[in-house]
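Here the structure comes first, spelled out in structure tokens, and everything after it is commentary.
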Amino acid sequence: MKTKIFYLFILLLSGIFPLCAQVDYARSVVKVLASKAYAGRGYVFDGDRKAAAFIAAEYQKNGLLPLGTNYYQPFSMPANVFPKDVKIVVDGRKLKLGEQALIEAASPSVNGKFMLTEITVPTDPVALDQLIHNPLFKDKFLVVDERAALATMKADQFRMTLLRLASGGYYKGILVQTDQKLLWRGAINQLNRPIVYVKNNSVIPLEGKVIQLKVHAVFQENYLTNNVCGMIKGTSESDSLIVITAHYDHVGAIGKRVVFTGANDNASGTALLLYLTTHYRQYPPKYNTVFLAFSGEESGLLGSTFFADNPLIDLRKIKFLLNFDMAGTGDDGIQVVNGTIFKDQFEQLVAINKEKKYLPEVKVRGPMNRSDHYPFYAKGVPSFFIYTLGGIAAYHDIYDRYETLPFTRFNEYVRLMIDFIKTI
């Protein structure tokens with residue numbers, strides 16, 4: 001017994017013992033942020049504001065100095081939201097939202113019954129314009145076969161064609177039959193016509209049948225949301241900064257029943273950020289360490305862009321920035337964006353992992369602009385964007401839930417990051 005107590009005492013002094021609680025803390029954070037009460041941390045039912053308040057409370061608990069007012073950096077953004085349940089009925093069959101059908105996030109309000117008519121999507125812009133202005137489609141709902149369309153055009157072109165169709169015309173809207181996952185995204189605009197996605201195995205064929213829709217959309221031109229910003233003072237006299245970032249927002253909810261809880265994306269990354277605040281409270285870092293939890297990422301990196309353009313710190317003093325997005329798996333290791341740019345730091349990260357055997361692999365990737373590191377990187381800030389690999393495939397759908405998030409390598413991932421930060 002004495003030997004065991006002595007061993008635990010040594011672990012406590014070395015800073016290893018508290019790490020055993022990493023995943024438990026992370027689970028507790030994700031359980032809160034990914035609960036339905038937080039409405040997918042979007043811009044309806046105060047989901048983002050509840051999340052921001054939770055994060056600010058954790059900052060205060062862990063002794064962070066506030067940047068901004070009470071840790072908040074407010075900014076406004078446009079957001080299209082659906083505060084009421086959406087009803088989609090095709091050929092008399094009510095479809096399950098998120099499983100069998102989904103409304104495009106930028107859709108406007110619509111209420112009524114409409115005849116369905118199948119069309120072939122033209123690739124020629126002139127033919128597309130003629131289709132849009134064809135009076136034969138007056139008051140109809142156009143049916144588009146995505147599989148057939150993708151045989152003649154690329155996915156990006158098809159997406160742009162759908163948005164062009166939704167910009168106007170004599171018809172009432174567009175129904176897309178799809179084999180793809182039903183993914184939801186944040187919308188900062190509102191279309192003139194609704195777009196409805198229906199899984200191919202739900203109802204086919206559709207020519208001459210009827211769609212019934214009940215959609216209540218609200219476009220908020222200047223929705224006020226917040227970045228949550230704090231700092232832990234370092235032990236050195238240096239004014240250099242280490243910056244830890246993660247976005248806390250997700251894509252919200254459709255009414256009260258359909259919630260995109262975003263456990264992995266990105267309650268998990270937020271949990272990693274918050275765990276590091278608890279760690280550095282006990283073991284103060286060498287350099288001043290800034291923690292930035294961003295809103296508006298899913299709508300186009302809006303929070304991080306606002307901060308980078310209106311910084312509460314001197315960006316020139318940032319030694320390195322680590323952005324965590326989707327930290328809840330790790331079966332196959334991690335992917336490091338910008339690893340080909342900041343080669344010395346990447347090689348150091350790989351060397352630590354090889355020595356300690358934390359993760360199966362540390363993979364490298366070049367620059368990309370799809371997460372919150374990018375507005376800083378574009379201003380010359382050295383940065384990595386890191387996400388875990390393997391495990392569940394849930395992403396921007398109703399299946400990214402706390403109950404199924406495995407946290408496979410969370411402990412090891414955190415230890416690797418702590419060890420790496422010591423070398424910066």
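The values are calculated or read from the model by the stated rules, or taken from the named source; none is laboratory data. The model shown is predicted, which means the values in this text are computed figures rather than measured ones. As a convention, Cβ positions derive from the backbone with ideal geometry for all residues, glycine included, and neighbour counts pool all protein chains shown. Surface accessibility is based on the protein's heavy atoms, side chains included, excluding ligands, DNA and RNA. Shrake-Rupley method; radii C 1.70, N 1.55, O 1.52, S 1.80 Å.
Values for this structure:
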read-out: Count of the stretch 69-81 residues which are assigned to a loop (DSSP other than H, G, I, E, B) and within 27 Å of A187 (Cα to Cα); value: 1
read-out: Residue tally, condition in a loop (DSSP other than H, G, I, E, B) and surrounded by fewer than 24 Cβ atoms within 10 Å (Cβ to Cβ), over the stretch 224-250; value: 8
read-out: Unmet criterion (only one of (1) open to solvent by 10 Å² or more (accessible area, probe 1.4 Å); (2) under 24 Å from the mean Cα position of the chain (by Cα); (3) farther than 20 Å from I103 by Cβ) for Y287; value: (2)
read-out: Yes/no for N353 being open to solvent by 80 Å² or more (accessible area, probe 1.4 Å), modelled with pLDDT of 95 or more and either out of contact with any Phe, Trp or Tyr (no Cβ under 7 Å at 6 or more places or on another chain) or outside any loop (DSSP other than H, G, I, E, B) (or both); value: no
read-out: Residues of the stretch 151-167 classified as part of a loop (DSSP other than H, G, I, E, B) and either at positive phi or open to solvent by 80 Å² or more (accessible area, probe 1.4 Å) (or both), total; value: 3
read-out: Residue in the stretch 68-85 that is open to solvent by less than 20 Å² (accessible area, probe 1.4 Å), out of contact with any strand residue (DSSP E or B) (no Cβ under 6 Å at 6 or more places or on another chain) and closer than 22 Å to E298 by Cα present; value: yes
read-out: Flag for A293 being in a helix (DSSP H, G or I) and either surrounded by 23 or more Cβ atoms within 10 Å (Cβ to Cβ) or in contact (Cβ under 8 Å) with a residue 12 or more places away in the chain (or both); value: no
read-out: Which listed residue is farther than 29 Å from Y59 by Cβ, surrounded by fewer than 23 Cβ atoms within 10 Å (Cβ to Cβ) and in contact with a Lys or Arg (Cβ under 7 Å, 6 or more places away or on another chain), from G390, G366, G333; value: G333
read-out: Selected residue [modelled with pLDDT of 95 or more and not in a helix (DSSP H, G or I)] from Y25, Y59, Y43, Y38; value: Y43
read-out: The stretch 96-145, subset among the acidic types (D, E) and either surrounded by fewer than 18 Cβ atoms within 10 Å (Cβ to Cβ) or in contact (Cβ under 8 Å) with a residue 40 or more places away in the chain (or both), residue farthest from G255 (Cα to Cα); value: D124
read-out: Hits in the stretch 297-313 (condition: assigned to a loop (DSSP other than H, G, I, E, B) and open to solvent by 50 Å² or more (accessible area, probe 1.4 Å)); value: N310, P311, L312
read-out: Boolean, V89 is in a strand (DSSP E or B) and surrounded by fewer than 21 Cβ atoms within 10 Å (Cβ to Cβ); value: yes
read-out: Residues of the stretch 177-200 classified as over 24 Å from the mean Cα position of the chain (by Cα) and modelled with pLDDT of 95 or more, total; value: 3
read-out: Hey, N266 within 10 Å of the chain's Cα centre (by Cα) and of a type in the set (S, T, N, Q) or not; value: yes
read-out: Among residues of the stretch 92-115, those that are assigned to a strand (DSSP E or B) and not small (G, A, S), counted; value: 10
read-out: Count - residues of the stretch 328-350 that are under 20 Å from the mean Cα position of the chain (by Cα) and not in a loop (DSSP other than H, G, I, E, B); value: 4
read-out: Filter pass, A151 being of a type outside the set (S, T, Y) and more than 28 Å from E297 (Cα to Cα); value: yes
